[in-house]
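Heads up, the thing below is written out as structure tokens.
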Amino acid sequence: MSDELPRLPPRRHDSHKGDYGRALLIGGSRGMSGAIALAGMATLRSGAGLVTLAVPDACCDTVAGFEASYMTVPLADDRHGRLSHAALVKLRRLVASVTVVALGPGLGQSVDVRRVVHELYRTVTAPLIVDADGLNALARRRELLPTHAGPRIFTPHPTEFRRLIGVEQSLPREQLEQTAIEFARQNQVVVVLKGHRSLITDGRSHTHNPTGNPAMATGGSGDVLTGVITALVSQGMSPYDAAVLGCYAHGCAGDRAASGGRHAIVARDLLNELPQALDTEPF
């Protein structure tokens, strides 16, 4: 696979932050601020020029405290610290001026959260990466899946993918992957079916990611992947290429973090390795 990997172009000496895109990540809720913070930090560590996290007001200060290099925007929320439908007013303005949007990490689940996700999924024209509770919200309205206004990348683990296709029972991995390829083709989206040798497909092409290890099976690892892919799209890569390269770099970071036979790592360990992983050949 290494010979087929897409590559980021070299950075010009006279470039500035505006050359590497404006990324907006929407997520978080009271008690789940770490998910969106990890995604935001990974977006920064993977090269996006400007990163903004739009989060419920209840957790905005907490999210801001994780990292000084991204911006935060508070959104209207409910009494449980989750997004309220009123947040759409501000979100419509925010999505109109960005290069890429990520939606889902730490959102939680409620009627209002689902309404926000459904509206953004249908109307955002920028590339949109959907993860975690964003996927769970879409699983409640599967008829919306082909009705998107711009490029879409889904990053489900197997259980989330089964919800998207409306299947409760476990399926053999091979069958799940064939279904993912067809799902991507029918809905004109990119799917990253996470797991050992994650499948990346746009319905026409597909590949398996060779990097990564079992130490990465920990909460927050998927949020980091969302951030990496978001950053690569922000820098001008196509959704499919960003997903392929993002999975590879994410797994490389995990391999570096687990070097020496470490049994377990935490997701933040991946952040420390991302710059080196992205600079490793064959990049």
Original post:
aliphatic (A, V, I, L, M), outside any strand (DSSP E or B) and in contact (Cβ under 8 Å) with a residue 60 or more places away in the chain: does that describe Ala23?
Top reply: no
**OP:** Quickly run through region 46-98 and pick out the residues that are of a type in the set (A, V, I, L, M), farther than 28 Å from Ala253 by Cα and part of a strand (DSSP E or B).
**Re:** Val73, Leu75, Leu83
Original post:
Taking helices (runs of 4 or more DSSP H) that fall entirely within region 180-283, which contain at least 3 residues that are under 27 Å from Ser33 (Cβ atoms) and among the small types (Gly, Ala, Ser)?
Top reply: 221-234, 239-257
**OP:** Name every residue in region 1-48 that is farther than 15 Å from Ala231 by Cβ, surrounded by 12 or more Cβ atoms within 10 Å (Cβ to Cβ) and of a type in the set (Ser, Thr, Tyr), in order of residue number.
**Re:** Ser29, Ser33
Original post:
Within the bounds of region 237-256, is there any residue that is in contact with a helix residue (DSSP H, G or I) (Cβ under 6 Å, 6 or more places away or on another chain) and of a type in the set (Val, Ile, Thr)?
Top reply: no
Original post:
Mind checking which pairs have a first residue in region 62-85 that is free of Cβ contacts under 8 Å to residues at least 60 places away in the same chain and buried (at least 18 other Cβ atoms within 10 Å of the Cβ) and a second that is among the polar types (S, T, N, Q) and assigned to a loop (DSSP other than H, G, I, E, B), Cβ under 7 Å, 6 or more apart or different chains?
Top reply: Asp77/Ser84; Asp78/Ser84; Asp78/Ser110; Gly81/Ser29; Arg82/Ser29; Arg82/Ser110
Original post:
surrounded by fewer than 19 Cβ atoms within 10 Å (Cβ to Cβ), outside any loop (DSSP other than H, G, I, E, B), of a type outside the set (Asp, Glu) and at pLDDT 95 or above, is that true of Val101?
Top reply: no
Subject >> Number of positions in region 188-215 that are surrounded by 19 or more Cβ atoms within 10 Å (Cβ to Cβ) and either of a type in the set (Val, Ile, Thr) or within 21 Å of Asp133 (Cβ to Cβ) (or both) >> reply: 10
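Go through the residues of region 152-161 one by one and say whether even a single one is of a type in the set (S, T, N, Q), under 18 Å from the mean Cα position of the chain (by Cα) and part of a loop (DSSP other than H, G, I, E, B).
The answer is yes, given that some residue of region 152-161 is of a type in the set (S, T, N, Q), under 18 Å from the mean Cα position of the chain (by Cα) and part of a loop (DSSP other than H, G, I, E, B).
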Subject >> Ser33 more than 22 Å from Thr125 (Cβ to Cβ), of a type in the set (S, T, N, Q) and at pLDDT 95 or above >> reply: yes
Original post:
Could you give every pair whose Cβ atoms fall below 7 Å, whose first residue belongs to region 2-20 and is closer than 14 Å to Gly236 by Cα and at pLDDT 95 or above, and whose second residue is of a type outside the set (Asp, Glu) and in a helix (DSSP H, G or I), counting only separations of at least 6 or pairs across chains?
Top reply: Tyr20/Ser234
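The values are calculated or read from the model by the stated rules, or taken from the named source; none is laboratory data. Not measured: the values here are computed from a predicted model. Reconstructed Cβ throughout: ideal geometry from the backbone, glycine too, with neighbour counts over all protein chains shown.
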